[in-house]
Amino acid sequence: MPACAYCREIAPATAEHIWPEKIIARYKSLLTYNNRNQSFHGGEPTIKDVCEKCNSGKLSQLDNYAVSEFDKQIGQIVHSGENLTFAYDHEKLLRFLLKVSYNSTRSAGTIEHAQLHEKYAKFILNGGPVTSARINLQIVTSAHRLNIETMKIEERALLPIILRCANIQLKGGLADRFVVKLVAINSYWFYIFISCQPEPEDVWGALAKGWSNINSAPGIRLLPSIKAITIAPEQTTYFDPRLIDSFKGASRSKPRSK
């Protein structure tokens with residue numbers, strides 16, 4: 001009998017949803033991507049290595065927080081030109097994002113990343129101080145399609161309707177010292193920066209500078225000491241499906257074609 005991925009106790013395993021079940025239910029229909037065989041399929045993505053106590057207890061409570069935030073803000077589609085204020089509880093948000101990322105890496109069989117995430121298992125369950133993981137928020141707005149034959153903008157907008165957890169390829173001298181994960185929920189794209197070992201503040205600064213240099217829309221850092229940020233239209237980016245396809249994903253979902 002395996003140990004629970006979170007509490008490490010030996011107990012019967014139950015099916016833990018990679019994404020909260022109630023968030024998936026908010027979509028009319030989604031297809032789930034299986035990274036192992038690189039194909040989409042119906043059904044909700046799960047992983048079976050979590051004990052009942054964790055699954056129906058603290059992890060369920062964390063999912064309830066995420067569902068509430070989904071309904072209030074992060075499930076909304078942001079349109080081009082809109083101002084928005086994002087209110088957040090940094091600790092709960094980071095716990096949820098790490099939970100999705102940890103579940104996703106285990107589901108995909110990414111052993112090295114799963115082992116790195118494992119050190120956050122107690123934090124995901126209980127909270128507490130964390131200095132080795134930081135969050136940037138990038139707002140991705142709806143976009144209009146351009147018909148290249150007529151050179152006219154189509155009336156129907158392209159909407160960022162997506163659930164995605166992906167590995168971001170970090171380049172440069174810090175690539176072996178940090179892991180970057182994306183958890184994208186519709187217009188709200190959260191980048192999690194995880195240090196493989198404790199790093200001084202100047203190294204974090206070099207990472208932030210390098211990230212900004214290679215990304216036209218690097219997002220805004222969410223600080224633990226702040227409860228809300230205002231994001232102006234010029235700090236957002238348009239949705240482009242190529243943004244999705246360029247990522248090396250661990251798990252993702254997409255709207256089912258009608």
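The values are calculated or read from the model by the stated rules, or taken from the named source; none is laboratory data. Not measured: the values here are computed from a predicted model. Every residue, glycine among them, receives a Cβ derived from its backbone with ideal geometry; neighbour counts consider all protein chains shown.
Just checking, which of Arg252, Arg164 is buried (at least 18 other Cβ atoms within 10 Å of the Cβ), outside any loop (DSSP other than H, G, I, E, B), touching a helix residue (DSSP H, G or I) at 6+ places or on another chain (Cβ under 7 Å) and modelled with pLDDT under 95?
Arg164
Can you tell me which condition Ala175 does not meet? The list is (1) of a type in the set (Gly, Ala, Ser); (2) in a loop (DSSP other than H, G, I, E, B); (3) at pLDDT below 85, and all the others hold.
Failed condition: (3).
Pull out all pairs, ordered by first then second residue, where Cβ-Cβ is under 6 Å, the residues are six or more apart or on different chains, the first lies in segment 118-132 and is within 12 Å of Leu62 (Cβ to Cβ), and the second is surrounded by 15 or more Cβ atoms within 10 Å (Cβ to Cβ).
Sorted first by the residue in segment 118-132, then by its partner, the pairs are Phe123/Val130; Ile124/Arg95; Ile124/Leu98; Ile124/Lys99; Leu125/Tyr6; Leu125/Lys58.
So Trp204 fits all but one of (1) of a type outside the set (Asp, Glu); (2) in contact (Cβ under 8 Å) with a residue 60 or more places away in the chain; (3) closer than 28 Å to Phe70 by Cα; what number is the exception?
(3)
Being out of contact with any Phe, Trp or Tyr (no Cβ under 8 Å at 6 or more places or on another chain), crowded, with 19+ Cβ neighbours inside 10 Å and modelled with pLDDT of 75 or more is the filter here, so list the residues in segment 25-48 that pass it.
Within segment 25-48, just Ile47 meets the criteria.
Give segment 173-190 a look and list any residue that's surrounded by 14 or more Cβ atoms within 10 Å (Cβ to Cβ) and over 17 Å from Ala114 (Cα atoms), or say none.
Leu174, Ala184, Ile185, Asn186, Ser187, Tyr188, Trp189, Phe190
What about Ala208, is it among the hydrophobic types (A, V, I, L, M, F, W, C), over 16 Å from Lys92 (Cα atoms), part of a loop (DSSP other than H, G, I, E, B) and under 21 Å from the mean Cα position of the chain (by Cα)?
no
Yes or no: Ala217 outside any loop (DSSP other than H, G, I, E, B), under 19 Å from the mean Cα position of the chain (by Cα) and among the small types (Gly, Ala, Ser)?
no
Just the residues that are in contact with a helix residue (DSSP H, G or I) (Cβ under 6 Å, 6 or more places away or on another chain) and at pLDDT 95 or above, please, taken from segment 54-92.
Lys58, Leu62, Tyr65, Ala66, Val67, Phe70, Lys92, listed by residue number.
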